[in-house]
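The next block holds one structure in the form of structure tokens; read it before the comments.
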């Protein structure tokens, strides 16, 4: 059985997530017109080889679920920030590809996103503490088989 440090660490993670994600989402929407989920999907697409990912690949690397990733891509397509292209190897699947407009919006939003991380999260800890938190959470993800999920 775990001790109180186990439950304290877990509870703190949940409280931090619950407190910061809505705040960062609101800030991105107000200042850039991008929900946090859109930013995350655009960020993953922009970093991918050829700036495109299949829906399955996107579901593996994005913070949103696979089902939600597909809905977010639909919204991004409607906004002109992403296009869908067919997969020549598998007619049942498609790729999401970031557009030039999507890259432009991502670049404009990046300072807001990075500033929010610093303001609401890392400014509350030393650089060593931030590195320790990142390493510890990466261990959890790697042990869970979710190595594709990024903790930055």
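Please verify whether residue 24 is in contact with a helix residue (DSSP H, G or I) (Cβ under 7 Å, 6 or more places away or on another chain) and within 30 Å of residue 122 (Cα to Cα), treating the condition exactly as stated.
Working: in contact with a helix residue (DSSP H, G or I) (Cβ under 7 Å, 6 or more places away or on another chain): yes; within 30 Å of residue 122 (Cα to Cα): yes.
Yes, satisfied.
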Odd one out for residue 96, checked against (1) in contact with a helix residue (DSSP H, G or I) (Cβ under 8 Å, 6 or more places away or on another chain); (2) under 17 Å from residue 48 (Cα atoms); (3) in a helix (DSSP H, G or I):
(3)
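How many residues are more than 27 Å from residue 142 (Cα to Cα), more than 17 Å from the chain's Cα centre (by Cα) and surrounded by 12 or more Cβ atoms within 10 Å (Cβ to Cβ) if we restrict to the range 94-103?
Start the filter on the range 94-103 by keeping residues that are more than 27 Å from residue 142 (Cα to Cα), which leaves 94, 97-103.
Checking the rest, the ones that are also more than 17 Å from the chain's Cα centre (by Cα) come to 94, 99-101.
Checking which are surrounded by 12 or more Cβ atoms within 10 Å (Cβ to Cβ) leaves us with 94, 99, 101.
Qualifying residue count, the range 94-103: 3.
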Taking the range 99-132, which residues are out of contact with any strand residue (DSSP E or B) (no Cβ under 6 Å at 6 or more places or on another chain), in contact (Cβ under 8 Å) with a residue 24 or more places away in the chain and within 19 Å of residue 42 (Cα to Cα)?
103, 105, 106, 108, 109, 112, 113, 116, 117
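Return yes when residue 102 is modelled with pLDDT of 95 or more, touching a helix residue (DSSP H, G or I) at 6+ places or on another chain (Cβ under 9 Å), under 21 Å from residue 59 (Cβ atoms) and part of a helix (DSSP H, G or I) and no when it is not.
Values: modelled with pLDDT of 95 or more: yes; touching a helix residue (DSSP H, G or I) at 6+ places or on another chain (Cβ under 9 Å): yes; under 21 Å from residue 59 (Cβ atoms): yes; part of a helix (DSSP H, G or I): yes.
Taking the combined requirement at face value, the residue satisfies it.
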Just the residues that are part of a helix (DSSP H, G or I) and over 18 Å from the mean Cα position of the chain (by Cα), please, taken from the range 1-14.
4, 5, 6, 7, 8, 9, 10, 11, 12
Members of the range 122-152 found to be at pLDDT below 90, exposed (fewer than 11 other Cβ atoms within 10 Å of the Cβ) and not in a loop (DSSP other than H, G, I, E, B), listed by number
143
Between a first residue in the range 76-91 that is without any contact (Cβ under 8 Å) to a residue 60 or more places away in the chain and at positive phi and a second residue that is assigned to a helix (DSSP H, G or I) and surrounded by 12 or more Cβ atoms within 10 Å (Cβ to Cβ), which pairs have beta carbons less than 9 Å apart while being 6 or more apart in sequence or on different chains?
80/101; 80/102
What are the pairs with Cβ atoms under 8 angstrom where one residue, in the range 45-62, is free of Cβ contacts under 8 Å to residues at least 60 places away in the same chain and the other, located anywhere, is in a loop (DSSP other than H, G, I, E, B) and buried (at least 16 other Cβ atoms within 10 Å of the Cβ)? Sequence gap at least six, or different chains.
57/48
Which residues, counting only those in the range 42-83, are in a loop (DSSP other than H, G, I, E, B), under 15 Å from the mean Cα position of the chain (by Cα) and surrounded by fewer than 17 Cβ atoms within 10 Å (Cβ to Cβ)?
65
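The values are calculated or read from the model by the stated rules, or taken from the named source; none is laboratory data. Note that the structure is a prediction, hence the values are computed from the model and not measured. Note: ideal-geometry Cβ built from the backbone for every residue, glycine included; neighbour counts use all protein chains shown.
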